[in-house]
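Right, one structure below, let's go through it.
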Amino acid sequence: MTVGVLALQGAFAAHAECIQSLGVATVEVRTPEHLAAVDSLLMPGGESSTMSQLLLSSQLFAPIASRIAEGMPVFGTCAGMILLASEILDGRSDQVSFSAIDISVRRNAFGRQVDSFESSIHTPIGDFHGVFIRAPRIERIGNGVEVLGTLGDEPVLVRQGNVLAASFHPELTGDARLHEYFVQNMTQTRKV
Amino acid sequence: MNSSNGSSVGTQRVKRGLAEMLKGGVIMDVVTAKEAKIAEDAGACAVMALERVPADIRRDGGVARMSDPSMIEEIQAAVSIPVMAKVRIGHFVEAQILEALGVDFIDESEVLTPADETHHIDKFGFTVPFVCGATNLGEALRRVSEGACMIRSKGEAGTGNVVEAVRHLRSILGDIRKITQADNAELFQWAKSLQAPLPLVQEIAETGKFPVPIFCAGGIATPADAALAMQLGAEAVFVGSGIFKSDKPELRAKAIVEATTHFRDAHVLARVSRNLGAPMTGIGMDEIHESQRYASRGN
């Protein structure tokens, strides 16, 4: 099994390290050829507007969309969550998203960098130290979306079928439990 | 810094975290809201708001200072990507002002006229993260020891000439590679010769990498320059005068963004390098007197 890490821009290297720490191979995905070689895909944090443009110029948008529709497991954090959302609020008008999970997400909803923070978050697989960097906020959750993690009362980790999304950065804390959850519960139960 | 609800802002992890998010991207110098929009449209991951690009600072001479807050606010209002701004080396009050404006990253920059010839800013005292320039590993580690969350090569800003940035990257990254091979006794000598804190030298030896992201800045003018910096080991690039001093800023900006992502793919580099019009003219290093070089400011 090979986990792809979308490597157009952002914190892809830190995600790859988390996956590799589980003994699982990774591939940096920048082209359709790279995508064809992976079984699942991580979408890292970074700037979602930058990634949106690079998804189009690198001819990756359509192939990723069809792989997700076919059931490829995908895990997006921060900007990656924005790319997966069905609705982006405060995004650029030309910004694309995969509409792979039925949530509305507001970009930079927690404020500028001086408002970025770390805090404890609660999930069924344990408490996590959540790092929120100019983080997006999940403002609406559709039917069929399961809330797996909360910060206070608000959802910060959600799942719908083959799609997992977090508004924080598990890759920045050296804690690979969420990556392990993704690899063990989402990529191996997939029907081929 | 802890808030009442148990969450903390301004931690090293949160500050270094934004530097992580900018990796693989292009940070562009802009002097107006219109240029900032062009940069965002082209796929910049952040913009650096300043009154004059380095090439103009070099041409005009005089004292170069922090930009007018209203100009920075206009740029903040125009784009949704992070906005950075520059302060003079050692000018912690300019930094306090930029933090109050909600700037996302502060560049304590040799491109502006230094305010303090001996001391850099104590960057641990701020919630906003800082980037600092460096020409070698010792300088880079001293900036980290003062709280910098990102290091960039100094290069020689405003020249459109990448040679100095290449020298600085090779020096910094080459010494990191040597330290990862050093034994414990040699690490003491490394710390001494670099004039850098021993614990940071030991951290490099243990982890095999520098404590914060290392970006390239200074003289990048073409997509090939950006890809060169990335292949040498930079993790992202700053482009200063190189975009808006060229013939076709929109096209060149987009081309440099694509080149930074696909930096190992020569076919993409060939495609994006076509028909960009004239790059900025540039200056040879032998045309700049030693005293006019920015890289020697603040070490």
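FYI, it's all coordinate maths here, none of it is from the lab. Model, not experiment: these values are computed from the prediction. When we count neighbours, we look across all protein chains shown, and the Cβ atoms used for this are built from the backbone with ideal geometry, even at glycine.
In terms of surrounding Cβ atoms within a 10 Å radius of their Cβ, B:GLU146, B:GLU117 rank from fewest to most as B:GLU117, B:GLU146. Note on chain A: helix-only mean residue ellipticity at 222 nm, from DSSP H runs of 4+ residues weighted -39500 (n - 2.57) and normalised by residue number, equals -6000 deg cm²/dmol. Express in % the proportion of alpha carbon pairs of the protein assembly as shown at distances exceeding 37 Å. Roughly 24 percent, rounded to a whole number. Shape of chain B from its Cα gyration tensor (a ≥ b ≥ c, root eigenvalues): rounded if a/c is under 1.5, otherwise prolate when a/b > b/c, or oblate? Since a/c stays below 1.5, the shape of chain B is classed as rounded.
Note on the protein assembly as shown: with charges restricted to the Cβ of Lys and Arg (+1) and Asp and Glu (-1), its dipole about the Cα centre is near 640 debye. With Cα atoms as the point set, chain A shows a radius of gyration and Dmax of 14.9, 45 Å.
Taking B:LYS178 as the anchor, which aspartates and glutamates have their alpha carbon closer than 16 Å to its alpha carbon, excluding any fewer than eight residues away along the same chain? Candidates past the 8-residue exclusion: B:GLU186, B:GLU203, B:GLU206.
Expressed to the nearest 5 percent, the antiparallel share of DSSP beta bridges inside the protein assembly as shown is 35 percent.
Where the centroid of each part is defined by its Cα atoms, how far is segment B:225-275 from segment B:153-206 in Å? With segment B:225-275 and segment B:153-206 each reduced to a Cα centre, they are spaced 25 Å. Size of segment B:39-131: Rg and Dmax of its alpha carbons, in Å, are 13.0, 40. Electrostatic tally near A:HIS179: other residues with Cβ closer than 11 Å to its Cβ, Lys and Arg +1, Asp and Glu -1, net -3. Summary value for chain A: 19 percent relative contact order, contacts being C-alpha pairs under 8 angstrom separated by 6+ residues. Using the rule -39500 (n - 2.57) for each DSSP H run of four or more residues, divided by the residues of chain B, the 222 nm mean residue ellipticity is -13000 deg cm²/dmol. A straight line joining the Cα centroids of segment B:77-130 and segment B:27-47 runs 19 Å.
Of the cross-linked pairs B:LYS154/B:LYS192; B:LYS15/B:LYS209; B:LYS209/B:LYS254; B:LYS86/B:LYS245; B:LYS37/B:LYS86; B:LYS37/B:LYS209, those separated by over 28 Å at the C-alpha level are B:LYS209/B:LYS254; B:LYS37/B:LYS209. Antiparallel beta bridges, as assigned by DSSP with both residues in chain B, represent about 5 percent of the total such bridges.
Counting Cβ atoms of other protein chains within 10 Å of each Cβ in A:105-118 and taking the mean gives 6. Per the Debye formula with a single identical scatterer at each Cα and no solvent contribution, what log10 I(q)/I(0) holds for segment B:165-206 at q = 0.32 Å⁻¹? Per q value, in the given order, log10 I(q)/I(0) is -1.13. Our coupling estimate for segment A:140-149, obtained by passing each phi through the Karplus curve with A = 6.51, B = -1.76, C = 1.60 and θ = phi - 60°, is 8, 10, x, 4, x, 9, 9, 8, 9, x Hz, Gly and Pro reported as x. Evaluating 6.51 cos²θ - 1.76 cosθ + 1.60 at θ = phi - 60° for every residue in segment B:245-262, the Karplus couplings come out as 9, 9, 5, 10, x, 4, 5, 5, 4, 5, 5, 5, 4, 5, 5, 6, 6, 9 Hz, glycine and proline recorded as x.
Dimensions of segment B:47-204 from C-alpha coordinates, computed as largest minus smallest value along each principal axis and given longest first, are 53, 34, 31 Å.
Normalised Debye scattering of segment A:18-131 at q = 0.13, 0.15, 0.18, 0.24 Å⁻¹ gives log10 I(q)/I(0) of -0.57, -0.76, -1.06, -1.46, counting only Cα atoms as equal scatterers and leaving out solvent.
Quick check on chain A: of the DSSP beta bridges with both residues there, what percent are antiparallel, nearest 5%? The answer is about 50 percent antiparallel. Near A:GLY76, the amide H atoms lying under 5 Å from its own belong to A:MET43, A:LEU164, A:ALA165, A:ALA166; only residues 5 or more places off or on other chains count, and H is placed 1.01 Å from N.
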